[in-house]
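These notes are about the structure you will find just below.
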(Lines give C-alpha, C1' and ligand atoms only; values in the text may rest on other atoms or scores of the structure.)
Protein backbone atom coordinates (compact mmCIF):
# COMPACT_ATOMS: atom_id res chain seq x y z
CA UNK A 1 0.00 0.00 0.00
CA UNK A 2 1.40 3.41 -0.98
CA UNK A 3 0.42 6.55 0.94
CA UNK A 4 1.24 10.08 -0.22
CA UNK A 5 -0.27 13.32 1.10
CA UNK A 6 -2.77 14.86 -1.30
CA UNK A 7 -2.72 18.36 -2.67
CA UNK A 8 -6.04 18.92 -0.89
CA UNK A 9 -4.42 18.21 2.47
CA UNK A 10 -1.52 20.55 1.78
CA UNK A 11 -3.94 23.34 0.91
CA UNK A 12 -5.79 22.74 4.16
CA UNK A 13 -2.60 22.78 6.20
CA UNK A 14 -3.16 19.16 7.29
CA UNK A 15 -6.02 20.26 9.55
CA UNK A 16 -7.97 17.07 9.91
CA UNK A 17 -8.22 16.31 6.20
CA UNK A 18 -10.31 13.23 5.56
CA UNK A 19 -8.77 10.73 3.14
CA UNK A 20 -5.13 11.80 3.23
CA UNK A 21 -4.10 9.41 0.49
CA UNK A 22 -3.47 10.79 -2.95
CA UNK A 23 -2.41 7.37 -4.15
CA UNK A 24 -3.80 4.23 -2.58
CA UNK A 25 -3.17 0.87 -4.20
CA UNK A 26 -4.79 -2.32 -2.91
CA UNK A 27 -5.41 -5.75 -4.33
CA UNK A 28 -8.77 -4.71 -5.81
CA UNK A 29 -8.64 -1.01 -6.65
CA UNK A 30 -6.46 2.08 -7.00
CA UNK A 31 -7.38 5.58 -5.83
CA UNK A 32 -5.60 8.80 -6.81
CA UNK A 33 -6.33 12.51 -6.54
CA UNK A 34 -6.51 14.41 -9.82
CA UNK A 35 -4.50 17.26 -8.31
CA UNK A 36 -1.58 14.92 -7.72
CA UNK A 37 -1.67 13.72 -11.32
CA UNK A 38 -1.24 17.25 -12.68
CA UNK A 39 2.42 17.71 -13.57
CA UNK A 40 3.30 14.01 -13.48
CA UNK A 41 5.43 12.65 -16.31
CA UNK A 42 3.79 10.40 -18.88
CA UNK A 43 6.23 7.63 -19.73
CA UNK A 44 6.21 5.12 -22.57
CA UNK A 45 6.54 1.37 -21.97
CA UNK A 46 10.30 1.51 -22.58
CA UNK A 47 10.99 4.39 -20.20
CA UNK A 48 10.79 7.13 -22.83
CA UNK A 49 9.29 10.45 -21.79
CA UNK A 50 6.18 11.51 -23.74
CA UNK A 51 4.98 14.60 -21.87
CA UNK A 52 3.32 15.81 -18.67
CA UNK A 53 -0.21 15.35 -17.37
CA UNK A 54 -2.11 18.64 -17.31
CA UNK A 55 -5.68 17.55 -16.60
CA UNK A 56 -8.16 14.71 -16.29
CA UNK A 57 -11.29 14.59 -18.48
CA UNK A 58 -14.45 13.03 -17.03
CA UNK A 59 -18.19 12.78 -17.60
CA UNK A 60 -20.72 13.11 -14.80
CA UNK A 61 -24.33 12.02 -15.21
CA UNK A 62 -26.81 11.59 -12.37
CA UNK A 63 -24.04 11.13 -9.79
CA UNK A 64 -22.33 8.52 -11.96
CA UNK A 65 -19.07 9.24 -13.68
CA UNK A 66 -16.48 7.93 -16.09
CA UNK A 67 -12.87 9.02 -16.56
CA UNK A 68 -12.35 9.44 -20.30
CA UNK A 69 -8.66 10.25 -20.39
CA UNK A 70 -5.81 12.64 -19.65
CA UNK A 71 -4.78 15.94 -21.19
CA UNK A 72 -1.06 15.67 -21.94
CA UNK A 73 1.32 18.56 -22.63
CA UNK A 74 4.03 17.50 -25.08
CA UNK A 75 7.55 18.99 -24.98
CA UNK A 76 6.52 21.38 -27.79
CA UNK A 77 3.69 22.67 -25.50
CA UNK A 78 0.95 21.12 -27.65
CA UNK A 79 -1.79 19.58 -25.55
CA UNK A 80 -3.21 16.25 -26.71
CA UNK A 81 -5.76 13.77 -25.37
CA UNK A 82 -4.75 10.32 -24.13
CA UNK A 83 -7.72 7.93 -23.72
CA UNK A 84 -7.78 6.26 -20.32
CA UNK A 85 -7.58 2.84 -22.00
CA UNK A 86 -4.11 3.86 -23.21
CA UNK A 87 -2.96 4.28 -19.60
CA UNK A 88 -1.16 1.14 -18.43
CA UNK A 89 -0.67 2.22 -14.81
CA UNK A 90 -0.58 5.21 -12.49
CA UNK A 91 2.33 5.15 -10.06
CA UNK A 92 3.19 7.58 -7.23
CA UNK A 93 5.65 9.51 -9.41
CA UNK A 94 4.62 8.85 -13.01
CA UNK A 95 1.93 7.66 -15.38
CA UNK A 96 2.76 4.78 -17.73
CA UNK A 97 1.23 4.60 -21.22
CA UNK A 98 0.55 1.36 -23.06
CA UNK A 99 2.41 2.68 -26.11
CA UNK A 100 4.83 5.47 -26.99
CA UNK A 101 2.70 6.22 -30.05
CA UNK A 102 0.12 8.94 -29.34
CA UNK A 103 -2.43 10.85 -31.40
CA UNK A 104 -0.94 14.30 -32.00
CA UNK A 105 -4.30 15.92 -32.74
CA UNK A 106 -4.64 18.96 -30.42
CA UNK A 107 -6.98 18.45 -27.48
CA UNK A 108 -10.39 20.07 -27.83
CA UNK A 109 -12.99 20.04 -25.07
CA UNK A 110 -16.38 18.60 -26.00
CA UNK A 111 -19.85 19.18 -24.67
CA UNK A 112 -20.63 16.66 -21.93
CA UNK A 113 -16.96 16.34 -20.96
CA UNK A 114 -15.44 18.09 -17.94
CA UNK A 115 -11.78 18.94 -17.31
CA UNK A 116 -11.23 18.60 -13.56
CA UNK A 117 -8.45 21.17 -13.06
CA UNK A 118 -9.77 23.64 -15.61
CA UNK A 119 -13.48 23.46 -14.83
CA UNK A 120 -14.13 21.84 -11.44
CA UNK A 121 -11.37 22.86 -9.04
CA UNK A 122 -12.32 26.19 -7.49
CA UNK A 123 -16.00 25.85 -8.42
CA UNK A 124 -18.78 26.24 -5.86
CA UNK A 125 -21.03 23.31 -4.85
CA UNK A 126 -23.13 22.15 -1.89
CA UNK A 127 -23.41 18.86 -0.04
CA UNK A 128 -26.10 16.91 1.80
CA UNK A 129 -23.67 14.35 3.20
CA UNK A 130 -25.01 13.18 6.58
CA UNK A 131 -21.42 12.68 7.73
CA UNK A 132 -20.86 16.44 7.37
CA UNK A 133 -24.09 17.98 8.62
CA UNK A 134 -22.23 21.16 9.58
CA UNK A 135 -21.65 21.84 5.87
CA UNK A 136 -25.30 21.59 4.81
CA UNK A 137 -26.45 24.79 3.11
CA UNK A 138 -22.91 26.17 2.95
CA UNK A 139 -21.16 27.29 -0.23
CA UNK A 140 -18.22 24.92 -0.68
CA UNK A 141 -15.25 25.11 -3.01
CA UNK A 142 -13.96 22.05 -4.82
CA UNK A 143 -10.35 21.54 -3.79
CA UNK A 144 -9.58 18.23 -5.46
CA UNK A 145 -11.27 15.16 -6.94
CA UNK A 146 -10.53 11.54 -6.08
CA UNK A 147 -10.45 8.99 -8.90
CA UNK A 148 -10.89 5.25 -8.38
CA UNK A 149 -9.98 2.31 -10.58
CA UNK A 150 -11.77 -0.96 -9.95
CA UNK A 151 -10.61 -4.49 -10.72
CA UNK A 152 -12.27 -4.11 -14.16
CA UNK A 153 -9.77 -1.29 -14.90
CA UNK A 154 -12.53 1.29 -15.28
CA UNK A 155 -11.81 4.69 -13.71
CA UNK A 156 -14.48 6.89 -12.13
CA UNK A 157 -14.86 9.87 -9.82
CA UNK A 158 -15.39 8.45 -6.33
CA UNK A 159 -15.15 11.40 -3.94
CA UNK A 160 -14.77 15.18 -3.98
CA UNK A 161 -12.59 17.18 -1.57
CA UNK A 162 -14.38 20.42 -0.60
CA UNK A 163 -13.74 23.27 1.82
CA UNK A 164 -15.18 26.61 2.86
CA UNK A 165 -13.20 29.70 1.99
CA UNK A 166 -12.90 32.13 4.90
CA UNK A 167 -13.20 35.89 4.91
CA UNK A 168 -9.49 36.33 4.32
CA UNK A 169 -9.58 33.99 1.35
CA UNK A 170 -8.01 31.05 3.13
CA UNK A 171 -9.45 27.57 2.80
CA UNK A 172 -10.80 25.98 5.93
CA UNK A 173 -10.96 22.36 6.93
CA UNK A 174 -11.16 20.00 3.96
CA UNK A 175 -13.92 17.40 3.86
CA UNK A 176 -13.96 14.50 1.43
CA UNK A 177 -17.51 13.76 0.28
CA UNK A 178 -18.87 10.95 -1.94
CA UNK A 179 -19.78 12.16 -5.42
CA UNK A 180 -23.38 11.08 -4.81
CA UNK A 181 -23.59 13.63 -1.97
CA UNK A 182 -22.40 16.61 -4.01
CA UNK A 183 -25.09 19.02 -5.18
CA UNK A 184 -24.65 21.43 -8.07
CA UNK A 185 -22.69 19.14 -10.39
CA UNK A 186 -24.08 18.13 -13.78
CA UNK A 187 -22.80 16.98 -17.15
CA UNK A 188 -21.85 20.58 -17.92
CA UNK A 189 -19.91 21.01 -14.68
CA UNK A 190 -21.07 23.50 -12.07
CA UNK A 191 -22.67 25.91 -14.53
CA UNK A 192 -26.23 25.95 -15.87
CA UNK A 193 -27.53 22.55 -16.95
CA UNK A 194 -27.18 21.87 -20.67
CA UNK A 195 -29.50 19.35 -22.34
CA UNK A 196 -27.01 18.30 -25.00
CA UNK A 197 -24.27 17.86 -22.40
CA UNK A 198 -26.61 15.66 -20.33
CA UNK A 199 -27.39 13.50 -23.35
CA UNK A 200 -23.74 13.15 -24.33
CA UNK A 201 -22.80 12.19 -20.78
CA UNK A 202 -25.58 9.59 -20.67
CA UNK A 203 -24.19 8.07 -23.88
CA UNK A 204 -21.10 6.92 -21.96
CA UNK A 205 -23.18 4.20 -20.30
CA UNK A 206 -25.06 3.13 -23.42
CA UNK A 207 -24.36 0.67 -26.21
CA UNK A 208 -23.86 2.08 -29.69
CA UNK A 209 -27.19 0.62 -30.84
CA UNK A 210 -29.02 2.34 -27.97
CA UNK A 211 -27.29 5.65 -28.72
CA UNK A 212 -28.44 5.30 -32.32
CA UNK A 213 -32.03 4.82 -31.12
CA UNK A 214 -31.77 7.90 -28.91
CA UNK A 215 -30.32 10.02 -31.73
CA UNK A 216 -32.92 8.82 -34.19
CA UNK A 217 -35.68 10.08 -31.87
CA UNK A 218 -34.28 13.63 -31.90
CA UNK A 219 -34.74 16.47 -34.43
CA UNK A 220 -32.22 16.33 -37.29
CA UNK A 221 -30.51 19.56 -36.22
CA UNK A 222 -29.92 18.22 -32.72
CA UNK A 223 -28.77 14.87 -34.11
CA UNK A 224 -26.07 16.67 -36.07
CA UNK A 225 -25.03 18.86 -33.15
CA UNK A 226 -24.62 15.83 -30.89
CA UNK A 227 -22.84 13.79 -33.56
CA UNK A 228 -20.23 16.53 -33.91
CA UNK A 229 -19.42 16.16 -30.20
CA UNK A 230 -19.01 12.37 -30.22
CA UNK A 231 -15.41 11.12 -30.77
CA UNK A 232 -14.75 9.50 -34.15
CA UNK A 233 -14.26 5.95 -32.86
CA UNK A 234 -17.51 6.02 -30.88
CA UNK A 235 -19.42 7.83 -33.62
CA UNK A 236 -18.33 5.17 -36.12
CA UNK A 237 -20.09 2.49 -34.07
CA UNK A 238 -23.19 4.65 -33.70
CA UNK A 239 -23.43 5.57 -37.39
CA UNK A 240 -23.28 1.87 -38.28
CA UNK A 241 -26.42 1.31 -36.17
CA UNK A 242 -28.47 4.23 -37.52
CA UNK A 243 -31.29 3.91 -40.06
CA UNK A 244 -30.26 4.85 -43.59
CA UNK A 245 -31.85 8.32 -43.62
CA UNK A 246 -30.23 9.39 -40.35
CA UNK A 247 -26.89 7.90 -41.36
CA UNK A 248 -26.86 9.81 -44.64
CA UNK A 249 -27.94 13.05 -42.96
CA UNK A 250 -25.22 12.90 -40.30
CA UNK A 251 -22.42 12.02 -42.73
CA UNK A 252 -23.48 14.87 -45.01
CA UNK A 253 -23.63 17.38 -42.14
CA UNK A 254 -20.25 16.39 -40.69
CA UNK A 255 -18.36 17.66 -43.72
CA UNK A 256 -16.23 15.50 -45.99
CA UNK A 257 -13.04 15.54 -43.89
CA UNK A 258 -14.73 14.55 -40.61
CA UNK A 259 -16.97 12.05 -42.42
CA UNK A 260 -13.89 10.40 -43.95
CA UNK A 261 -12.30 10.14 -40.49
CA UNK A 262 -15.42 8.46 -39.13
CA UNK A 263 -15.54 6.04 -42.06
CA UNK A 264 -11.91 5.09 -41.37
CA UNK A 265 -12.93 4.03 -37.86
CA UNK A 266 -15.86 1.91 -39.07
CA UNK A 267 -15.68 -1.79 -39.83
CA UNK A 268 -14.99 -2.14 -43.58
CA UNK A 269 -18.37 -3.75 -44.26
CA UNK A 270 -20.23 -1.02 -42.37
CA UNK A 271 -18.26 1.68 -44.17
CA UNK A 272 -19.04 0.04 -47.51
CA UNK A 273 -22.75 -0.02 -46.66
CA UNK A 274 -22.72 3.65 -45.65
CA UNK A 275 -20.87 4.73 -48.78
CA UNK A 276 -23.21 2.72 -51.00
CA UNK A 277 -26.11 4.81 -49.67
CA UNK A 278 -24.48 8.10 -50.71
CA UNK A 279 -24.40 9.61 -54.20
CA UNK A 280 -21.56 8.17 -56.30
CA UNK A 281 -19.74 11.50 -56.43
CA UNK A 282 -19.82 11.92 -52.65
CA UNK A 283 -18.68 8.36 -51.94
CA UNK A 284 -15.77 8.74 -54.38
CA UNK A 285 -14.62 11.93 -52.63
CA UNK A 286 -14.81 10.26 -49.22
CA UNK A 287 -12.92 7.19 -50.41
CA UNK A 288 -10.16 9.42 -51.79
CA UNK A 289 -9.91 11.27 -48.46
CA UNK A 290 -9.65 8.06 -46.45
CA UNK A 291 -6.29 6.52 -45.65
CA UNK A 292 -5.47 4.08 -48.50
CA UNK A 293 -4.97 1.28 -45.97
CA UNK A 294 -8.54 1.81 -44.74
CA UNK A 295 -10.17 2.51 -48.10
CA UNK A 296 -8.70 -0.51 -49.96
CA UNK A 297 -10.81 -3.19 -48.21
CA UNK A 298 -13.87 -0.94 -48.42
CA UNK A 299 -13.46 -0.54 -52.19
CA UNK A 300 -13.08 -4.31 -52.53
CA UNK A 301 -16.27 -4.99 -50.56
CA UNK A 302 -18.20 -2.42 -52.60
CA UNK A 303 -17.38 -4.40 -55.75
CA UNK A 304 -19.62 -7.29 -54.64
CA UNK A 305 -23.37 -7.43 -55.10
CA UNK A 306 -25.34 -6.40 -52.00
CA UNK A 307 -27.52 -9.53 -52.15
CA UNK A 308 -24.56 -11.92 -51.93
CA UNK A 309 -22.29 -13.03 -49.11
CA UNK A 310 -19.53 -10.89 -50.59
CA UNK A 311 -21.69 -7.81 -50.13
CA UNK A 312 -22.12 -8.30 -46.37
CA UNK A 313 -18.83 -9.92 -45.31
CA UNK A 314 -16.03 -8.04 -43.54
CA UNK A 315 -12.28 -8.14 -44.05
CA UNK A 316 -11.68 -7.69 -40.30
CA UNK A 317 -11.06 -11.02 -38.58
CA UNK A 318 -8.47 -12.94 -36.56
CA UNK A 319 -6.21 -14.30 -39.30
CA UNK A 320 -3.00 -16.11 -38.32
CA UNK A 321 -0.28 -18.21 -39.94
CA UNK A 322 0.28 -21.93 -39.12
CA UNK A 323 3.22 -21.02 -36.85
CA UNK A 324 1.02 -19.03 -34.44
CA UNK A 325 0.40 -20.49 -30.99
CA UNK A 326 -2.74 -20.82 -28.90
CA UNK A 327 -1.42 -18.04 -26.65
CA UNK A 328 -1.15 -15.66 -29.63
CA UNK A 329 -4.62 -16.59 -30.86
CA UNK A 330 -6.18 -15.96 -27.45
CA UNK A 331 -4.39 -12.62 -27.20
CA UNK A 332 -6.03 -11.57 -30.47
CA UNK A 333 -9.41 -12.84 -29.26
CA UNK A 334 -9.11 -10.70 -26.12
CA UNK A 335 -8.76 -7.53 -28.20
CA UNK A 336 -11.79 -5.37 -27.25
CA UNK A 337 -11.89 -3.98 -30.79
CA UNK A 338 -12.80 -7.43 -32.13
CA UNK A 339 -16.50 -8.20 -31.86
CA UNK A 340 -17.67 -11.27 -29.95
CA UNK A 341 -18.85 -12.96 -33.15
CA UNK A 342 -15.58 -12.40 -35.02
CA UNK A 343 -13.50 -13.54 -32.05
CA UNK A 344 -15.29 -16.91 -31.93
CA UNK A 345 -13.16 -18.35 -34.78
CA UNK A 346 -9.48 -18.00 -35.63
CA UNK A 347 -8.65 -18.43 -39.32
CA UNK A 348 -5.32 -19.92 -40.40
CA UNK A 349 -3.78 -19.12 -43.80
CA UNK A 350 -0.54 -19.12 -45.72
CA UNK A 351 1.00 -15.63 -46.07
CA UNK A 352 -0.06 -12.96 -46.74
CA UNK A 353 -2.43 -12.59 -43.81
CA UNK A 354 -4.29 -9.53 -45.11
CA UNK A 355 -7.28 -10.29 -47.33
CA UNK A 356 -7.18 -11.66 -49.93
CA UNK A 357 -4.85 -14.01 -48.10
CA UNK A 358 -2.67 -16.88 -49.17
CA UNK A 359 -4.07 -20.40 -49.25
CA UNK A 360 -6.79 -20.88 -46.62
CA UNK A 361 -5.97 -23.84 -44.35
CA UNK A 362 -8.85 -23.93 -41.89
CA UNK A 363 -10.15 -22.46 -38.66
CA UNK A 364 -10.16 -23.10 -34.91
CA UNK A 365 -13.04 -22.35 -32.54
CA UNK A 366 -12.33 -20.25 -29.46
CA UNK A 367 -13.59 -23.02 -27.16
CA UNK A 368 -11.07 -25.45 -28.63
CA UNK A 369 -8.25 -22.97 -28.07
CA UNK A 370 -9.20 -22.70 -24.41
CA UNK A 371 -8.84 -26.47 -23.97
CA UNK A 372 -5.21 -26.68 -25.15
CA UNK A 373 -1.85 -25.53 -23.73
CA UNK A 374 -0.69 -22.01 -24.71
CA UNK A 375 2.35 -23.28 -26.64
CA UNK A 376 0.29 -25.50 -28.96
CA UNK A 377 0.39 -24.47 -32.62
CA UNK A 378 -3.00 -23.45 -34.02
CA UNK A 379 -2.22 -25.49 -37.14
CA UNK A 380 -2.48 -28.64 -35.00
CA UNK A 381 -6.07 -27.81 -34.01
CA UNK A 382 -7.64 -26.96 -37.37
CA UNK A 383 -11.19 -28.01 -38.16
CA UNK A 384 -10.60 -29.41 -41.64
CA UNK A 385 -14.18 -30.57 -42.16
CA UNK A 386 -15.90 -27.20 -41.93
CA UNK A 387 -16.75 -25.90 -45.43
CA UNK A 388 -16.38 -22.27 -46.44
CA UNK A 389 -18.83 -19.88 -48.05
CA UNK A 390 -18.32 -18.31 -51.47
CA UNK A 391 -18.65 -14.58 -52.18
CA UNK A 392 -21.39 -15.43 -54.69
CA UNK A 393 -23.51 -17.40 -52.21
CA UNK A 394 -26.93 -15.97 -51.40
CA UNK A 395 -28.04 -14.71 -48.00
CA UNK A 396 -30.34 -17.72 -47.67
CA UNK A 397 -27.42 -20.09 -48.27
CA UNK A 398 -25.44 -18.32 -45.56
CA UNK A 399 -28.37 -18.55 -43.13
CA UNK A 400 -28.60 -22.30 -43.75
CA UNK A 401 -24.84 -22.59 -43.17
CA UNK A 402 -25.10 -20.93 -39.75
CA UNK A 403 -28.11 -23.03 -38.78
CA UNK A 404 -26.35 -26.24 -39.86
CA UNK A 405 -23.02 -25.67 -38.12
CA UNK A 406 -24.16 -23.61 -35.09
CA UNK A 407 -21.64 -20.84 -35.74
CA UNK A 408 -21.75 -17.04 -35.50
CA UNK A 409 -19.13 -16.31 -38.16
CA UNK A 410 -17.90 -18.12 -41.26
CA UNK A 411 -14.97 -18.03 -43.71
CA UNK A 412 -15.55 -16.68 -47.22
CA UNK A 413 -13.16 -17.85 -49.95
CA UNK A 414 -12.69 -17.47 -53.70
CA UNK A 415 -12.27 -20.22 -56.30
CA UNK A 416 -8.56 -20.46 -55.50
CA UNK A 417 -9.31 -21.05 -51.79
CA UNK A 418 -7.94 -17.68 -50.70
CA UNK A 419 -9.68 -16.14 -47.69
CA UNK A 420 -11.47 -13.00 -48.90
CA UNK A 421 -13.30 -12.17 -45.70
CA UNK A 422 -15.51 -13.39 -42.90
CA UNK A 423 -19.28 -13.29 -42.59
CA UNK A 424 -20.63 -12.46 -39.12
CA UNK A 425 -24.15 -13.61 -38.28
CA UNK A 426 -25.15 -10.12 -37.08
CA UNK A 427 -24.28 -8.66 -40.48
CA UNK A 428 -26.30 -11.38 -42.20
CA UNK A 429 -29.31 -10.68 -39.96
CA UNK A 430 -29.01 -6.99 -40.77
CA UNK A 431 -29.30 -7.86 -44.46
CA UNK A 432 -32.18 -10.32 -43.98
CA UNK A 433 -34.38 -8.05 -41.84
CA UNK A 434 -36.64 -5.42 -43.47
CA UNK A 435 -34.83 -2.22 -44.43
CA UNK A 436 -36.74 -0.18 -41.86
CA UNK A 437 -36.15 -2.53 -38.92
CA UNK A 438 -33.98 0.03 -37.13
CA UNK A 439 -36.93 2.45 -37.07
CA UNK A 440 -38.97 0.01 -35.00
CA UNK A 441 -38.78 -1.33 -31.48
CA UNK A 442 -36.63 -4.47 -31.51
CA UNK A 443 -39.18 -6.43 -29.45
CA UNK A 444 -41.09 -8.98 -31.51
CA UNK A 445 -44.64 -7.88 -32.27
CA UNK A 446 -44.13 -4.32 -31.05
CA UNK A 447 -44.09 -2.13 -34.12
CA UNK A 448 -44.52 1.12 -32.22
CA UNK A 449 -41.46 3.30 -32.18
CA UNK A 450 -39.87 4.10 -28.86
CA UNK A 451 -41.03 7.32 -27.23
CA UNK A 452 -38.54 10.14 -27.92
CA UNK A 453 -36.59 11.48 -24.97
CA UNK A 454 -38.45 14.77 -24.98
CA UNK A 455 -37.10 15.80 -21.59
CA UNK A 456 -33.64 16.01 -23.08
CA UNK A 457 -34.52 17.64 -26.37
CA UNK A 458 -33.49 21.20 -26.99
CA UNK A 459 -36.03 23.76 -25.98
CA UNK A 460 -37.56 21.68 -23.19
CA UNK A 461 -38.68 24.21 -20.63
CA UNK A 462 -38.58 21.69 -17.80
CA UNK A 463 -34.96 20.63 -18.39
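The values are calculated or read from the model by the stated rules, or taken from the named source; none is laboratory data. Since this is a predicted model, take the numbers as computed values, not measurements. Neighbour counts run over all protein chains shown; Cβ positions are idealised from the backbone, glycine included.
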Can you report the number of residues in the stretch 299-310 which are within 16 Å of residue 424 (Cα to Cα) and crowded, with 16+ Cβ neighbours inside 10 Å? 4
Single match in 197, 201, 212 (criterion: out of contact with any helix residue (DSSP H, G or I) (no Cβ under 9 Å at 6 or more places or on another chain) and not assigned by TED's automatic domain parsing to the domain that holds residue 115): 201
Tell me which residues, restricted to the stretch 103-128, are buried (at least 18 other Cβ atoms within 10 Å of the Cβ) and in a loop (DSSP other than H, G, I, E, B). 107, 111, 112, 113, 121
Pick from 339, 354: which is surrounded by 15 or more Cβ atoms within 10 Å (Cβ to Cβ) and assigned to a loop (DSSP other than H, G, I, E, B)? 339
Could you figure out which of (1) surrounded by 16 or more Cβ atoms within 10 Å (Cβ to Cβ); (2) outside any helix (DSSP H, G or I); (3) touching a strand residue (DSSP E or B) at 6+ places or on another chain (Cβ under 6 Å) isn't true of residue 132? (2)
Among the listed residues 419, 433, which satisfies the condition of being crowded, with 16+ Cβ neighbours inside 10 Å, modelled with pLDDT of 85 or more and either assigned by TED's automatic domain parsing to the domain that holds residue 340 or closer than 18 Å to residue 269 by Cα (or both)? 419
Counting only residues that are within 29 Å of the chain's Cα centre (by Cα) and in a loop (DSSP other than H, G, I, E, B), how many does the stretch 166-189 have? 4
Going through 54, 36, 64, 86 one at a time, which residue ends up being modelled with pLDDT under 95, under 20 Å from residue 160 (Cα atoms) and surrounded by 16 or more Cβ atoms within 10 Å (Cβ to Cβ)? 36
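Given the residues 287, 235, which is the only one that is touching a helix residue (DSSP H, G or I) at 6+ places or on another chain (Cβ under 8 Å), closer than 24 Å to residue 426 by Cβ and outside the structural domain of residue 82 (by TED's automatic domain parsing)?
235
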The conditions are (1) surrounded by fewer than 20 Cβ atoms within 10 Å (Cβ to Cβ); (2) more than 21 Å from residue 282 (Cα to Cα), and residue 202 fails exactly one of them. Which is it? (1)
If we keep only residues of the stretch 177-222 that are touching a strand residue (DSSP E or B) at 6+ places or on another chain (Cβ under 7 Å) and within 16 Å of residue 235 (Cβ to Cβ), then the residue modelled with the lowest pLDDT is 204
